[in-house]
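Chemist: Submitted below is the structure of interest, expressed as structure tokens.
The values are calculated or read from the model by the stated rules, or taken from the named source; none is laboratory data. Being a predicted model, the structure only gives us computed values, none of them experimental. Cβ placement follows ideal geometry from the backbone for every residue including glycine, while neighbour counts extend to all protein chains displayed. With ligands, DNA and RNA removed, areas are computed over all heavy atoms of the protein, side chains included. Shrake-Rupley method; radii C 1.70, N 1.55, O 1.52, S 1.80 Å.
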Amino acid sequence: MLYFMFVATDTDPDRSGDEGIPIEQWVAENDERGTRVGGERLQPVRDATLVRVRNGETIVTDGPFTESKEWIAGYDILDCRDLDEAIEVASRHPMSRLGRIELRPYWNGLEDE
């Protein structure tokens, strides 16, 4: 099952002192295991562009979608057996300690119930 993994900053990081594994190790382990399909770090929010169409007019605004102290720093696409495996993979990502990780399964084609 494919999961989109948002990697975001957080104003309340883990303070236990456990730094976990380096990102290079996390990428290598999951590429070898086949649980990471791809992913990238993103440019800072100052480089974000917001695009909307309203009443037929395209409105382009510099900056992020929302005013927030947290922002999306990167993403990964995971291919895992189930949510439990995706959680295990995400929990080893360095940003699970320094920031936060959001896992979202790909659309399954069914309408919301």
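Chemist: Which of the residues spanning the stretch 65-85 are surrounded by 15 or more Cβ atoms within 10 Å (Cβ to Cβ) and at pLDDT below 90?
Modeler: W71
Chemist: Among the candidates E88, E111, single out the residue that is in a loop (DSSP other than H, G, I, E, B), open to solvent by 40 Å² or more (accessible area, probe 1.4 Å), free of Cβ contacts under 8 Å to residues at least 40 places away in the same chain and of a type in the set (D, E).
Modeler: Values: E88 fails: in a loop (DSSP other than H, G, I, E, B).
The unique qualifying residue is E111.
Chemist: Going by the structure shown, is A8 assigned to a strand (DSSP E or B) and open to solvent by less than 60 Å² (accessible area, probe 1.4 Å)? Steps first, answer last, please.
Modeler: On the way: assigned to a strand (DSSP E or B): yes; open to solvent by less than 60 Å² (accessible area, probe 1.4 Å): yes.
Taking the combined requirement at face value, the residue satisfies it.
Chemist: Among the residues in the stretch 49-61, are any open to solvent by less than 40 Å² (accessible area, probe 1.4 Å) and at negative phi?
Modeler: If we filter the stretch 49-61 for residues that are open to solvent by less than 40 Å² (accessible area, probe 1.4 Å), which is where we start, we get 50.
With at negative phi added as a condition, the list becomes 50.
Checked against the condition, which is being open to solvent by less than 40 Å² (accessible area, probe 1.4 Å) and at negative phi, the stretch 49-61 yields at least one hit.
Chemist: Y106 fails exactly one of the following numbered conditions: (1) over 12 Å from the mean Cα position of the chain (by Cα); (2) buried (at least 16 other Cβ atoms within 10 Å of the Cβ). What is the number of that condition?
Modeler: (2)
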